[in-house]
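I have placed the structure first, in the form of structure tokens, so that the comments after it can refer back to it.
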Amino acid sequence: MLTAVLLALAASAVLVAVMAIRAHYLDKRQHWQVYVFKPLATLLILALALSLPTADAGYRWAVVAGLAFSTAGDVFLMLPRDRFVAGLASFLVAHLCYVWAFASGVSGAPEASFAVNLLFWLPYFAAGGTVVVLIWPGLKPALRGPVGIYVVVIAVMASLAAERWQATGSGMALAAALGAGLFVVSDGVLAIDRFRWPFRAARALTLATYWAAQLLIALSVSAQLPAQ
């Protein structure tokens, strides 16, 4: 019974996410679908995270909190008036929740070598720095500080997820690491589209990678993923 519920939640989240992406490309008369499907997709993923069996309640609640703040960010970013800063702040808190979750697994594991840790951290900080350099000319001065802080936090989040997988070798840690990496891709595409080079496929690419990231992070709550 539980397996059927979990499968239904996961399938519903994917279906609603597809409908939300489609809604962004419809004419203005049908734009109301964005307001329905966009937050609903993230809420369904949140419900999945709450429903999965877990061996670590603290990790689950950190992920659930991250998904709740992500839902708030979804709402702010879809409003007719520009609420970009409020959305950015919501996702910043979401990433701090994920940092808390991923750091717990790293702190309890044997220390990896500095070279190995650097291998996981450098790519994300290099990617974040590259995006900042690309979008810098299009950023208003008031946004440069908040965006810079956000980039550092998401790079830390993704790096910790990768390091946690390396330290624990578990299937759930791998799911979280893949999700965190997709989150970096999603935010990078969003930033480039919004502040430097807008392109039509950006919304689909941003949202597809975003919900794939959230789904993988939610699945990492499960105690039933096989070890790698």
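The values are calculated or read from the model by the stated rules, or taken from the named source; none is laboratory data. Since this is a predicted model, take the numbers as computed values, not measurements. We place every Cβ from the backbone using ideal geometry, glycine too, and count neighbours over all the protein chains shown.
Just a few scattered comments:
- Residue check, PHE125 aromatic (Phe, Trp, Tyr), surrounded by fewer than 18 Cβ atoms within 10 Å (Cβ to Cβ) and over 13 Å from the mean Cα position of the chain (by Cα): yes
- Filter result (touching a residue at least 12 places away in the same chain (Cβ under 8 Å) and closer than 14 Å to ILE217 by Cα) within region 57-68: TYR59, ARG60, ALA62, VAL63, VAL64, ALA65, GLY66, LEU67, ALA68
- Taking every residue in region 69-84 that is in a loop (DSSP other than H, G, I, E, B) and pairing it with any residue that is among the β-branched types (Val, Ile, Thr), at least 6 positions away or on another chain, the pairs with Cβ-Cβ distances below 9 Å are ARG83/VAL75.
- Counting only residues that are surrounded by fewer than 22 Cβ atoms within 10 Å (Cβ to Cβ) and closer than 26 Å to ALA65 by Cβ, region 208-226 holds 7 of them.
- Scanning region 173-182 for residues that are touching a residue at least 40 places away in the same chain (Cβ under 8 Å) and within 16 Å of SER70 (Cβ to Cβ), we see that the one that is surrounded by the most Cβ atoms within 10 Å (Cβ to Cβ) is ALA176.
- Matching residues in region 131-145 - criterion: being surrounded by 14 or more Cβ atoms within 10 Å (Cβ to Cβ) and of a type in the set (Lys, Arg): none
- Checking every residue in region 129-146 against the condition of being under 23 Å from ALA101 (Cα atoms), assigned to a helix (DSSP H, G or I) and either among the aliphatic types (A, V, I, L, M) or touching a Phe, Trp or Tyr at 6+ places or on another chain (Cβ under 7 Å) (or both) gives zero matches.
- Here ILE154 fits the description: assigned to a helix (DSSP H, G or I), surrounded by 21 or more Cβ atoms within 10 Å (Cβ to Cβ), modelled with pLDDT of 95 or more and among the hydrophobic types (A, V, I, L, M, F, W, C).
- Of the set (1) touching a Lys or Arg at 6+ places or on another chain (Cβ under 8 Å); (2) surrounded by fewer than 21 Cβ atoms within 10 Å (Cβ to Cβ); (3) within 16 Å of ALA204 (Cβ to Cβ), all apply to PHE76 but (3).
- If the condition is being buried (at least 18 other Cβ atoms within 10 Å of the Cβ) and farther than 28 Å from ALA62 by Cβ, then region 24-46 contributes only VAL34.
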